[in-house]
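Worksheet: the structure to be examined is printed underneath.
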Ligand SMILES: Nc1nc2c(c(=O)[nH]1)N[C@H]1C(S)=C(S)[C@@H](COP(=O)(O)O)O[C@H]1N2
Ligand SMILES: [Mo]
């Protein structure tokens with residue numbers, strides 16, 4: 001059901017693009033404010049061709065009902081300390097090999113469509129919890145910044161020094177969120193406020209908390225992730 005609408009929107013946009021009528025978004029490309037006020041339209045812009053093909057091939061995984069949420073089971077798992085971030089000062093930088101690098105405030109991010117999902121979070125240390133996350137789809141942010149066609153990976157930098165890298169297909173999966181709510185409440189500092197990754201297709205250690213920077217790249221660097229660089233598996237898919 002929810003796959004049909006974006007697909008139609010994309011092909012309609014593509015038709016417009018082919019007929020040369022969709023230059024408007026590009027003219028505004030240099031100006032973050034205009035881009036953002038037009039953000040809801042802008043996210044139905046096509047990604048680049050290879051990403052669009054990936055996007056259309058992806059199926060959402062099953063979710064749980066609200067009644068399945070296990071509020072006490074999500075343990076705090078933080079390798080060092082909990083950064084205290086002032087949400088009013090906070091900016092999420094999105095950069096790398098993209099056409100429109102951006103710095104978004106939480107206000108900007110919260111103007112984008114909110115997605116809620118109830119999924120199971122699984123930590124390799126032997127615990128799991130069914131959680132509802134609320135946030136913006138990472139694919140919507142991808143559509144705003146417009147990665148170049150050779151982008152294959154995404155790096156996430158966190159305020160506590162944690163870092164992660166993901167394959168682009170997993171990053172644009174419809175249930176990969178930049179989450180700012182947990183179980184219907186604003187995210188707490190311990191759970192990664194103001195914003196963190198949340199996805200049902202990756203193990204817990206891939207889901208960076210306190211994300212401050214998202215960088216799109218064509219090649220994976222020797223440095224892959226905080227736990228991966230100590231021997232944990234990189235893909236960490238579920
Ligand atoms: N920045 C940052 N993100 C992180 C971690 C961390 O230590 N720092 N721990 C990871 C691990 S191992 C898990 S299981 C989850 C735990 O999320 P939670 O503390 O909200 O339950 O966050 C992940 N993201
Ligand atoms: Mo974990």
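How much length, in nm to one decimal, is gained on full extension between residue 56 and residue 84, taken as 0.36 nm per residue of separation minus their Cα-Cα distance? Let's see the in-between values first.
On the way: separation 28, 0.36 × 28 = 10.08 nm, distance 3.81 nm.
Going from the current span to full extension adds 6.3 nm.
Give the separation of the Cα centroids, segment 165-179 to segment 207-221, in Å.
Spelled out, the Cα-based centre of one part sits 11 Å from the other.
Relative contact order, percent, of segment 104-238 when contacts are C-alpha pairs under 8 Å separated by at least 6 residues?
Relative CO of segment 104-238 lands at 26 percent.
Taking 41 Å as R0, compute the FRET efficiency from the Cβ-Cβ separation of residue 189 and residue 67 and round it to 0.05.
Between residue 189 and residue 67 the formula returns 0.90.
If you wrap a convex hull around the alpha carbons of segment 189-236, what volume per residue comes out, as a whole number of Å³?
Values: hull volume 4.6 nm³, N = 48.
Hull volume normalised by residue count: 95 Å³.
Hey, if you drop one equal point scatterer on each alpha-carbon of segment 145-186 and run the Debye formula without solvent, what base-10 log of I(q)/I(0) do you get at q = 0.17 Å⁻¹?
Reported log10 I(q)/I(0), two decimals: -0.64.
Tell me the relative contact order for segment 77-160 as a rounded percent, counting alpha carbon contacts under 8 Å between residues six or more apart.
Working: 86 pairs, mean separation 25.2, N = 84.
The value is 30 percent.
Compute the Cα gyration tensor for segment 108-238, then decide on rounded, prolate or oblate, letting a ≥ b ≥ c be the square roots of its eigenvalues: rounded whenever a/c is under 1.5, prolate when a/b is larger than b/c in the other cases, and oblate in all that remain.
oblate
If I histogram all Cα-Cα distances within segment 49-135 using bins 5 Å wide from 0, what percent of pairs lands in each bin?
3, 10, 12, 14, 18, 21, 16, 6, 1
Since every read-out is calculated from the coordinates, none of them should be taken as a lab result. Worth saying up front: this structure is predicted, and the values here are computed from it rather than measured. Neighbour counts run over all protein chains shown; Cβ positions are idealised from the backbone, glycine included.
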